[in-house]
Amino acid sequence: MSKRVVVGLSGGVDSSVAAYLLKEQGYEVIGLFMKNWHDDSVTISDECPWLEDSNDALLVAEKLGIPFQTVDLSAEYKERIVDYMFNEYEKGRTPNPDVLCNREIKFDVFLKIALSLGADYVATGHYCRKKTVEKDGQAVHQLLSGKDPNKDQSYFLCQLSQEQLAKTLFPVGELLKSEVRTIASEQGLITAEKKDSQGLCFIGKVRLPDFLQQKLQPKEGKIVEISAVQDQFKDTTNTFANKQEELDYLAAKYTYTLADGKVVGKHQGAHYYTIGQRKGLAVGGTPEPLFVIDTDVETNTIYTGQGKQHPGLYRKALLIQPDEVHWVRQDLKLTIGGEMRVKARIRYRQPLEEATLYMTSKGLYIEFQNKQSAITEGQFAAWYLGDELIGSGVIS
C-alpha cells in the first residue's frame, strides 16, 4: 500500500516540482491549495494573486494527474497571523509572519486537514531537508538546511516541533533552484518560469505600510538624528562581577530621549518603521543616508543615525524570554547554567554567525562573536549545529 502525501500546492514552481517528485517516488499524492485571505476590508492589492495562483495549482495537478482541492483557511489565518501582526506592530515590535505561518497554518491547521484525509505525510516546496536518526531507541528528526545555499529556507521552519517534522517531507531540499526550474520545464509544468512570490506568506503582493495603515492610524511624530559619537556608544572597559552581568550589559538596548539628538523630520507613525530600515524616511541633506536605530511607540518618535556603520545599530548579544525559547531538538535542550557553541542568524538570508548560547533563569542569551546589525525585537533568532537547525526564539 503506497503512502499518501498531501502537498501544499501554492501555485509556485517549488511546490509543483515537489508534487512531481513524490509521484515519481511512488507516493499517492493529493494537491491542496490553501486560500488564506479574502477580507476585502483590508485590501492587499487590486490584482487578485490568489485566484491566479490557485488556477496555476489546479493546472499543475491536472498535468500530474493528481486529485486537487482548495481549502479556505482565511479565518484561522486572520486570527493567528494577521491579528498577531497588528498587535506586535502596535507594541513597536517587528513580527515575522512567514515563520508563524509555517508553525500555525501550514504545519498545524493544514497538517490536521491532511491527516483527516488519511495522509501519512504533508509536503511543501521548502528548500530544506529532513533526516531521521535513532537516539536512545527514539526516532529523532533533524531539520537540515537546503542544498542550495542561496535558497536555504530552514530559518522559516525554525518553530517546528518533532511531532510536526515526523509528518513532513521536503522533496526539493536536495536540489538547486535551477534544477527545480529545469525539472518543471521538462515536465511542461505551467509554473516553470513563474517568478518567486514575495510578500506575506500566501497573501500575495503586499506593501507592509499600506497594509498596516488600514488598522493602525497614522499619527505624526518626530524623526530624531543621533550622533555616532554619543557617550553611550564609547567602548568602556567594564568589569563585571559575573557572566550574567556582562550578558545583561551586552544585550541591553540603547535608549534615547529627544534631548540626545536633533529633530530632522516628521513621520506618520513610529509603528510603521523597523530597526535597520533606510527607505521611507524622506529626510534628505545628510552626508550619509539615515537608518532607523530605534523606534519609541509610546512617544511616537523615530531615532535615526547616519550610515550603515552607525554604532546605534550594533549589539553583541540578545535575550529570548524563557517561554519564547523553542527547541526543535528537545534532546539537546539546555538547562539553567548550560552553554553551547553554535552558529546563529537573526534574519532570513543572513550568513550564519559564530555565537554562544547561555541558558539562565532570565531566559536564553545569544552572545555573538561579532557585533550584529539591527537586532530587532519580535523577530526570530535561530541556532544551528553544523547545517542542522536545532532551536529558535523570539528576540525580546
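Only the coordinates and a few stated rules stand behind these numbers; no lab work does. What you are looking at is a predicted structure, and each value in this text was computed from that prediction instead of being measured. Cβ atoms come from the backbone with ideal geometry, glycine included; neighbour counts cover every protein chain shown.
Okay, here's what the table says:
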| quantity | calculated |
| --- | --- |
| Contour excess over end-to-end distance, with Cα ends at Ala166 and Glu76 and 0.36 nm allotted per residue | 30.1 nm |
| Relative exposure of Ile113, Ile226, judged by other C-beta atoms within 10 Å (fewest first) | Ile113, Ile226 |
| Ratio of the Cα radius of gyration of the stretch 224-352 to 2.2 N^0.38 Å, where N counts its residues | 1.26 |
| Computed magnitude of the charge dipole of the chain (debye, nearest 20; Cβ of K, R +1, Cβ of D, E -1) | 480 debye |
| Exposed GluC sites (Glu not before Pro) absent - longest run of the chain, DSSP non-H/G/I/E/B, at most 10 other C-beta within 10 Å | 48-192 |
| Within the stretch 311-373, trypsin sites (Lys or Arg not before Pro) in DSSP loop having at most 11 other beta-carbon neighbours inside 10 Å | Arg349 |
| Of every Cα-Cα pair in the stretch 47-183, the percent that sits beyond 25 Å | 38 percent |
| Nearby aspartates and glutamates by direct alpha-carbon distance to Lys78 (threshold 19 angstrom, same-chain neighbours under 8 apart not counted) | Asp39, Asp40, Glu88, Glu90, Asp98, Glu104, Asp108, Asp210 |
| For the chain, with +1 on Lys and Arg beta carbons and -1 on Asp and Glu, the positive-most of Tyr84, Gln372, Leu100 along the dipole | Gln372 |
| Neighbour-count ranking [beta-carbon atoms within 10 angstrom, fewest first] of Met1, Met85, Met359 | Met1, Met359, Met85 |
| Sites Lys333 and Glu298 - FRET efficiency at Förster radius 30 Å, r taken between beta-carbons, to 0.05 | 0.25 |
| Neighbour-count ranking [beta-carbon atoms within 10 angstrom, fewest first] of Thr132, Thr335 | Thr335, Thr132 |
| Most mobile listed residue (Ile275, Ile320, Ile66) in the chain, GNM with C-alpha springs under 10 Å | Ile66 |
| Within a Gaussian network of the chain (alpha carbon springs, distance under 10 Å), most fluctuating of Ala355, Ala123, Ala228 | Ala228 |
| DSSP-defined beta bridges in the chain - what % are antiparallel, rounded to 5 | 75 percent |
| Karplus (6.51, -1.76, 1.60) ³J(HN,Hα), θ = phi - 60°, over the stretch 391-396, in Hz, Gly and Pro reported as x | x, 7, x, 7, 5, 9 |
| Estimated FRET transfer efficiency (Tyr84, Gln268; beta-carbon r; R0 22 Å; 0.05) | 0.45 |
| The stretch 221-313, dipole about Cα centre (Lys/Arg Cβ +1, Asp/Glu Cβ -1), debye to the nearest 20 | 440 debye |
| For Gly265, distant residues with modelled amide H under 5 Å away | Ile223 |
| Anchor Lys222: lysines whose Cα lies under 22 Å away (excluding residues fewer than 8 positions away in-chain) | Lys91, Lys253, Lys262, Lys266, Lys279, Lys308 |
| Violating pairs (Cα-Cα greater than 20 angstrom) within the set Lys333/Lys362; Lys112/Lys147; Lys35/Lys106 | Lys112/Lys147 |
| Value of Rg to Rh for the chain (Rh from inverse mean 1/r over Cα pairs, i.e. Kirkwood) | 0.99 |
| Unit charges at the beta carbon, dipole of the chain: most positive-side option, Thr132, Leu385, Gly11 | Leu385 |
| Highest-MSF residue in the chain out of Lys35, Lys167, Lys215 [GNM, Cα springs under 10 Å] | Lys215 |
